[in-house]
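For reference, the structure discussed in these notes is given below.
Please treat every number below as a calculation from the coordinates, not as lab data. Predicted, not measured: the structure shown is a model, and the values here were computed from it. Don't worry about glycine lacking a Cβ; one is built from the backbone with ideal geometry, like all the others, and counts go over all protein chains shown.
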Amino acid sequence: MGMNALALGVFKHLSRKSEEKMQHDEDVDSRISPASISDDYQVLVTECFQALGLDAGQIRIVVRSVGWTPGGLEIYAAFIKVIHWDVRVVEMLSNMPVIEKKIDRRVRQSSMLRYSAFAGLWFRSPAGVNRAVATVH
């Protein structure tokens with residue numbers, strides 16, 4: 001366990017040195033940064049849900065870092081919050097295994113897994129969800 005912590009410490013130290021060097025070199029254009037990786041995941045997941053006909057009025061998608069792999073890659077997860085329950089949202093939830101497979105396939109087809117890991121989708125419902133679902137059925 002101590003060796004893993006040491007390895008992560010060395011990795012972080014080398015990353016900081018690399019970032020400092022890159023800041024001084026104005027010719028280097030780094031397109032990979034934690035902000036852009038989470039944004040890329042967010043765009044990918046949002047596009048999948050938009051293809052189902054869901055928009056920002058029904059669900060809110062936020063992607064953020066949730067940890068690190070043993071190999072030093074940052075892990076991201078998509079957090080989906082239901083804003084407004086309606087028939088399309090309920091249908092989407094009933095098809096989650098298919099949707100998750102499509103999102104997983106899109107993530108694997110992208111280059112993002114070379115620089116990070118994806119932990120999948122996490123859902124959160126608003127207060128009063130039982131009442132809302134009962135009115136949809």
- How much length is gained if the chain between SER111 and GLU91 is pulled fully straight, taking 0.36 nm per residue apart and subtracting their Cα-Cα distance, in nm to one decimal? 4.2 nm
- The answer for the net charge of residues other than LEU54 whose Cβ lies under 10 angstrom from its Cβ, with Lys and Arg +1 and Asp and Glu -1, is -2
- Could you tell me which of rounded, prolate or oblate describes segment 49-109, using a ≥ b ≥ c as the square roots of the eigenvalues of the alpha-carbon gyration tensor, with rounded for a/c under 1.5 and, failing that, prolate when a/b is larger than b/c and oblate otherwise? prolate
- What residues qualify as long-range amide H neighbours of ILE83, i.e. H under 5 Å apart, gap of 5 or more or another chain, H built at 1.01 Å from N? ILE59, ARG60
- Message: I'd like the FRET efficiency for SER125 and THR69, computed as 1/(1 + (r/R0)^6) with the beta carbon distance as r and R0 of 22 Å, rounded to 0.05.
- Response: 0.15
- Task: Could you list which residues have their amide H under 5 Å from that of VAL63, counting only those 5 or more apart in sequence or on another chain, with H placed in the peptide plane?
- Result: PHE79
- Task: Net charge near TRP122: determine it from the other residues with C-beta under 15 Å of the C-beta of TRP122, scoring Lys and Arg +1 and Asp and Glu -1.
- Result: +2
